[in-house]
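> Starting off with a structure, shown below.
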Amino acid sequence: MIKREETSDKKLLIIGGGAVGMAVSTGATRRSNYDVTVISSDKHASYSQCGIPYVFSGEIQNFGKLIVRDLEFFREMGIEVRLDSRVDSVDLENNLINIGKEKLAFDKLVIATGSTPYIPKSIESGISLKNVFTLRTLSDGMHISEALNDAKDVVIIGAGSIGSEVAIATARRGIRTSLLNRSNTILSSSLDPDMAETVISYLEKEGVQVLTEHILTSLNGEDRVTSVTVNGREIPADVVLISVGVTPDTSLASEAGIDIGPAGGMVTNDRLQVMASGKVIEDVFSGGECTQIYNFVTGKPMLSHLASTARRMAGVITDNLNGKETRFGPVVNPWVAVVGDLHIGSVGITTAEAEKHGIRVVSGIATGSTRAEYFPGAGNIFIKVLFHDRCLVGAQIISTTGTKERIDGLSLAIKRKQTVDELLEMETCYSPAVSTLQDPLFFAVKGAHKKMPKKDAR
């Protein structure tokens, strides 16, 4: 290990003001005597990025509601937050970061630079047109919101969770909305195509034009965007949102000599200390979307874009900064999104991911009701479960209620490697106001069980 000499000042520098950076700043301040400085390229700090689409829909009144802590809160804690600032380089040999001509020394450093929107090369020339946006920051949300006030046609490129959430928000405002995706489905990192069909049908009923297997070839207009061209077809657009994915922001780390893994994020040990040439740098930590972690099911490196994962990573970093040895293990990545009235969730791996890693899975699917069908407000619930070697490895749920709670429970089941036989013995509670007599999950598990050979079969 490469060890750094301790100094009495205990200066903690944090690069990045997102979920990891701000949580570490407050945690380290409360529990130790670190002199903490946060440097962020963002214009805002400590806000809910996940809440931005709900401002577009009007469910959240304004962007101010998304501010978790204002700058005065951090000042009162003695934390210096430097916004709209970029670190030019990190000197690991001398424990320094460089911002222009300024040099800041550190005893401990946390790199939580997050990720940047991916822009397809085919449309790079059109990204400078007015009303063409990406959505990563609160400022992005504010600019998009302003543009939507006069919008008649919105085109969203990329049908992941952000694209789908924004699509339903703009459609419900009466704006003609087109949701484009280059693959033959939507939400492909979380749902199998058969499950995604339920979401597509719902979006179309809500007025969203969903166009799968459509490849964007150009953004058109002279000063501001007026249309997009996809599959040789021109679609009117006075607002375009590009949401086709993100790339880990690791340029600063890479230039400093920190190892970057095959998933594209910084390599760390299980205490989230970074590596350089395969050796641990004890005084430098990394967390969030720029950090490579491991998938519990596949054992392979991955990135997580979940705020909940980032918050857990912040807790691990804070503990280790304060001398409490804590480790961050592989994840099953439980995810949930709310698209209009649908609560969509997944955990573990999808069928496509299983195939990619050579994992043979057996699936079970069930459709049921969220409560007794005679009870007012009953809705449909769709459940899919995946098993490998009789153990649960993945689950997907779409409903109007109860999705999160089931995904949370199945997250634990995957980590405990529960078998199909054990899940068939699960006991569930019942009241006609909140459930059916037998939970639909039971029937999904039973469906998978029927496809499996007998336990004692060889």
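Each reported figure results from applying straightforward, stated rules to the coordinates on display, with no laboratory input. Because the structure is predicted, anything quoted here is derived from the model rather than measured. Positions of Cβ are backbone-derived with ideal geometry, glycine not excepted, and every protein chain shown enters the neighbour counts.
> So which lysines pass the test for LYS454, namely a Cα distance under 29 Å, with those fewer than 8 places away in the same chain ruled out?
Qualifying lysines at Cα under 29 Å: LYS356, LYS384, LYS415, LYS417, LYS446.
> Looking at this model, which pairs from LYS103/LYS300; LYS300/LYS455; LYS121/LYS300; LYS404/LYS451 are more than 31 angstrom apart at the alpha-carbon? Write down the numbers at each step before the final one.
Working: LYS103/LYS300 38 Å; LYS300/LYS455 28 Å; LYS121/LYS300 28 Å; LYS404/LYS451 27 Å.
Over 31 Å Cα-Cα: LYS103/LYS300.
> Let me ask something additional. Mind ranking 412-424, 385-397 by how tightly packed they are, going by the mean number of other C-beta atoms within 10 angstrom, highest first?
In decreasing order of mean packing, 412-424, 385-397 become 385-397, 412-424.
> I've got another one for you. Starting from the Cα of LYS101, draw a straight line to each of the aspartates and glutamates and keep only those under 13 Å, dropping any in the same chain fewer than 8 residues away.
By straight Cα distance, LYS101 reaches ASP88.
> By per-residue mean of other Cβ atoms within 10 Å, what is the highest-first order of 282-292, 190-200, 19-29?
In descending order of packing, they fall as 282-292, 19-29, 190-200.
> I've got another one for you. Nearest 5 percent is fine: what portion of the DSSP beta bridges confined to region 119-244 is antiparallel?
30 percent
> Decide, for region 106-181, between rounded, prolate and oblate: order the square roots of the alpha carbon gyration tensor eigenvalues as a ≥ b ≥ c, take rounded if a/c falls under 1.5, and otherwise choose prolate if a/b is larger than b/c, else oblate.
Verdict is prolate for region 106-181.
> Pick the calculated semi-axes √(5λ) of the Cα gyration tensor in Å for this structure from [x] 37, 31, 21; [y] 67, 20, 18; [z] 51, 27, 22?
Of the listed options [x] 37, 31, 21; [y] 67, 20, 18; [z] 51, 27, 22, [x] comes from this structure.
> Related question: Using Cα-Cα distances under 8 Å and only pairs 6 or more residues apart, what relative contact order does region 362-439 have, in percent?
31 percent
> Right, here's the next one. Taking amide H positions as placed 1.01 Å from N in the peptide plane, with prolines and chain starts having none, which residues 5 or more places from TYR294, or on another chain, fall under 5 Å of its amide H?
Amide H neighbours of TYR294: MET302, VAL331.
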